[in-house]
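Each remark here refers to the structure printed beneath this line.
The values are calculated or read from the model by the stated rules, or taken from the named source; none is laboratory data. This is a predicted model, so every value here is computed, not measured. Backbone-built Cβ (ideal geometry, glycine too); neighbour counts: all protein chains shown.
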Amino acid sequence: MYARITIYRTRVEISLKKSIHSDYWNKGKGCAKGSNPESRLLNTYLNQVQGKLTDCYRELQLNDEIVTANAVKQLLFGDNPGQHSLTDSLSRPFTVSQNDRRDNTELWSNKKIYFFLFRKKRNISDIYLIRIDYKFIIDFDFFLHTKKSV
């Protein structure tokens, strides 16, 4: 089964990783036939997916972002290219000026370790860079100043 998103004549299809025999499918209504538990469960799932897609569409509109079929799909799967997480940023390679003589590899790995420990203490999985606020910076700074060296 696939869900198709069409916005401004652009289509994107999403695999729902579900299947049903064609004899039990109502093409006109786009749902499973019958009232058996499997059909009800599938129809409930399809309604949930449709609701999530509608929510993603509305969220893009409310945030004054460009609404495209790909943008809805990316938002549905949490793959927003405009947002990068702090963990992603710490994992990317970085450039170092020639004037810096310290061992930057060790320094950089320590930053990743400290952030991992901070995430564990605060019970957060990750944070988008756009969501970093003053409170987060102060909390992380306090954590670094009170933490024993690694």
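Annotations
- Some residue of the range 71-93 being part of a helix (DSSP H, G or I), touching a strand residue (DSSP E or B) at 6+ places or on another chain (Cβ under 7 Å), of a type in the set (A, V, I, L, M) and at pLDDT below 90: yes
- LEU16 vs. criteria under 30 Å from PHE136 (Cα atoms) and modelled with pLDDT under 90: no
- The set of residues in the range 109-150 that are of a type in the set (D, E, K, R) and farther than 27 Å from GLY78 by Cβ comprises ASP141, LYS147, LYS148.
- Criterion (aromatic (Phe, Trp, Tyr), exposed (fewer than 12 other Cβ atoms within 10 Å of the Cβ) and either assigned to a helix (DSSP H, G or I) or without any contact (Cβ under 8 Å) to a residue 12 or more places away in the chain (or both)) met by exactly one of PHE136, PHE142, PHE118: PHE142
- Top-ranked residue of the range 121-133 - restricted to ones that are in a loop (DSSP other than H, G, I, E, B) and touching a residue at least 40 places away in the same chain (Cβ under 8 Å), ranked as farthest from the chain's Cα centre (by Cα): ILE132
- Hey, SER97 modelled with pLDDT of 70 or more and outside any helix (DSSP H, G or I) or not: no
- Which numbered condition VAL67 fails, given (1) surrounded by 12 or more Cβ atoms within 10 Å (Cβ to Cβ); (2) at pLDDT 85 or above; (3) touching a Leu at 6+ places or on another chain (Cβ under 9 Å): (2)
- Every residue from the range 22-53 that is under 22 Å from LYS73 (Cβ atoms) and either more than 28 Å from the chain's Cα centre (by Cα) or outside any helix (DSSP H, G or I) (or both): GLY30, CYS31
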